[in-house]
Amino acid sequence: MALVVFVFAAILMLAEGLRKTLVETGSYNNVVVIRKGSNSEVMSGVSRSQASIIETQSEAAIGADGQALLAKEMVVLITLPKKGTNASSNVVIRGIGASSLALRPQVRLAEGRMPRSGLWEIIAGRSIAERFKGSGVGEILRFGMRDWRVVGIFDAGNTGFNSEIWGDADQLMQAFRRTVYSSVIFKLRDPSGLEGVKERIESDPRLTVEAKRENRFYAEQSERMASFLRILGTTLTIIFSLGAIIGAMITMYSAVATRTGEIGTMRALGFKRISILGAFMIEALLLGLIGGCLGLFLASFLQLFTISTMNFQTFSELAFSFTLTLGIVLQGMGFSLIMGFVGGVLPAARASRMNIVDALRAV
């Protein structure tokens, strides 16, 4: 039972870690504008003329320099070799603007400096620097037919930005021969003003774009992968739980067999069948409870590990941690109690139906 609950909780923690990482990537105050019908920035395209129109929206907040807190960004995928295994994986390259860092307060420069505009310089997220070759400060990465010098490492906390590489948008667009941006991001002056700007942007005949809150946009990125993990986890757990239920049933049948005399004595003293049934059911549920606590205790240590996998929505590498929540704890405990109940109900029913005379003969 403990092992089954461990597997069940681990899969749910994996899905929750993925969801939390992507949700925390976005900000409630920011708006992402992408091409209508696009599922991700990689597949989106916003022309320069469209970006200029979006740039004039009065709802955009103004920064300390008097300029709108708005960034026109480009997102592409490249393949890089991992450290140790030399296996290749897709990595997000994000072309950023002057306001990109101000729009993401969760991102801070951990080492080195920011890339200078007009130069072939980049900064790497901490997860990228730890997992991929050539992504340390001072090293060179070659992509887009150019050599790019890594001049800094940034830490974005528990967000998807940690799995990206950032550089100057104009330089990256030239290197990849891109003529359109992937998205336009801006901060709302008033967070409650989304509906107004959304309706204006999406109804403008000059634009073929849609606007979403940034946190909602990134939450949608996790839905497909998280759903797959939950379905996989539920399927595996059901299969494994059959063995655990059979094990619990054998344990309880053994308990009934060794206590036949006690059962006969209790019945002779006047205990009703329901009391015998309840006593063995409580014991079965207690076994499930102990198994659930042990499984969740072991699963809690998974929070110390960070794993990386491919995000099905963007087809890029994403690093995240297992996340244990109260909801997962309650689901794990509930599942363990169900296994205990199912495994104990037949042995308990057998104990309650024992004939008093036959049971006393075992004394």
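In the chain, with Lys and Arg counted as +1 and Asp and Glu as -1 at Cβ, which of these residues, V256, I307, L22, has the Cα nearest the positive end of the dipole, that is, farthest along it?
V256
Separation of the range 206-257 and the range 18-94 by C-alpha centroid, Å?
Between the Cα centre of the range 206-257 and that of the range 18-94, the gap is 29 Å.
Would you please calculate the Kirkwood hydrodynamic radius of the range 52-134 over all C-alpha pairs and express it in Å, rounded to one decimal?
Roughly 15.1 Å, rounded to one decimal.
Please report the net charge: other residues with Cβ closer than 12 Å to the Cβ of P347, K and R +1, D and E -1. Can you show the working numbers first?
Working: positive: R259, R350, R353; negative: E283.
Its environment carries a net charge of +2.
Give me the Å³ per residue figure for the convex hull around the C-alpha atoms of the range 28-90. Before the final figure, lay out each step's value.
Values: hull volume 10.1 nm³, N = 63.
Normalising the Cα hull of the range 28-90 by residue number yields 160 Å³.
Which net charge results for the neighbourhood of N215, defined as the other residues with beta-carbon distances under 14 angstrom from its beta-carbon, given Lys and Arg at +1 and Asp and Glu at -1?
For residues surrounding N215, the net value is +3.
Report the relative contact order of the range 37-207, percent, no decimals, based on alpha-carbon pairs under 8 angstrom and at least 6 residues apart.
31 percent
How far, in degrees from 0 to 90, does helix 273-300 lean away from the longest principal axis of the Cα atoms of the chain, to the nearest 10?
30 degrees
Per q in 0.11, 0.15, 0.16, 0.20 1/Å, what log10 I(q)/I(0) does a Debye calculation on the alpha-carbon atoms of the range 37-207 return?
The calculated log intensity ratios at q = 0.11, 0.15, 0.16, 0.20 Å⁻¹ are -0.48, -0.87, -0.97, -1.38.
Summing +1 for each Lys or Arg and -1 for each Asp or Glu, what net charge is found among the other residues whose Cβ lies under 13 Å from the Cβ of R273? Spell out each step's value before the answer.
Numbers: positive: R267, K272, R350, R353; negative: none.
Combined, the nearby Lys, Arg, Asp and Glu give +4.
Antiparallel versus total DSSP beta bridges in the range 37-207: what percent is that, nearest 5?
75 percent
Treating the angle as unsigned and between 0 and 90°, give the value, to the nearest 10°, between the Cα long axis of helix 194-203 and the longest Cα principal axis of the chain.
60 degrees
For the range 194-305, what percent of Cα pairs sit more than 18 Å apart?
That tail contains 74 percent of the Cα-Cα pairs.
Per residue of the range 150-157, in order, report the coupling 6.51 cos²θ - 1.76 cosθ + 1.60 (Karplus, θ = phi - 60°) as ³J(HN,Hα) in whole Hz, putting x for Gly and Pro.
Along the range 150-157, the couplings run 7, 9, x, 10, 10, 10, 9, x Hz.
Write down, largest first, the equivalent ellipsoid semi-axes of the range 131-208 in whole Å, where each equals the square root of 5 times an eigenvalue of the alpha-carbon gyration tensor. Spell out each step's value before the answer.
Values: eigenvalues 221, 72, 15 Å².
Those come to 33, 19, 9 Å.
To the nearest 20 debye, what is the magnitude of the charge dipole of the chain about its Cα centre, counting +1 on the Cβ of each Lys and Arg and -1 on the Cβ of each Asp and Glu?
Here the chain has a charge dipole of around 740 debye.
Within the range 78-93, what residues put their amide N at less than 13 Å from the label point 7 Å along the Cα-to-Cβ vector of K133?
Within reach of a label on K133: 80-89.
Pulled fully out, how much extra length does the chain show between R224 and I246, if you take 0.36 nm times their separation in residues and subtract their Cα-Cα distance? Spell out each step's value before the answer.
Numbers: separation 22, 0.36 × 22 = 7.92 nm, distance 3.38 nm.
So the chain would gain 4.5 nm between R224 and I246.
Using only the Cα atoms of the range 264-303, build the gyration tensor, take square roots of its eigenvalues as a ≥ b ≥ c, and label the shape rounded, prolate or oblate: rounded if a/c is under 1.5, else prolate if a/b is larger than b/c, else oblate.
Prolate.
Using a Förster distance of 51 Å, how high is the FRET efficiency between R206 and K83, based on the Cβ-Cβ distance and rounded to 0.05? Numbers along the way, then the final one.
Values: r = 47 Å, r/R0 = 0.92.
FRET efficiency, R206 to K83: 0.65.
Which one of A51, I276, T237 has its Cα pushed farthest toward the positive end of the charge dipole of the chain, where Lys and Arg give +1 and Asp and Glu give -1 at the Cβ?
Selected residue: I276.
Highest mean first, what order results for 21-28, 296-303, 69-76, 177-184 on Cβ atoms within 10 Å?
In decreasing order of mean packing, 21-28, 296-303, 69-76, 177-184 become 69-76, 21-28, 177-184, 296-303.
Quote the relative contact order of the range 213-363 in percent (integer), defining contacts as alpha-carbon pairs under 8 Å separated by 6+ residues.
Relative contact order comes out at 41 percent.
Angle, helix 326-352 long axis vs. longest principal axis of the chain, Cα atoms, 0 to 90°, nearest 10?
Compared with the principal axis, the helix lies near 20 degrees.
Starting from the exponent 0.38 and prefactor 2.2 Å, build the expected Rg for the range 1-118 from its residue count and divide its actual Cα Rg by it.
For the range 1-118, the normalised Cα radius of gyration is 1.40.
Read-outs: derived from the displayed coordinates by stated rules, not from any lab. A quick note: this is a predicted structure, and the numbers were derived from the prediction, not measured. Methodologically, a virtual Cβ is constructed for each residue, glycine included, from the backbone with ideal geometry; neighbour enumeration extends over all protein chains shown.
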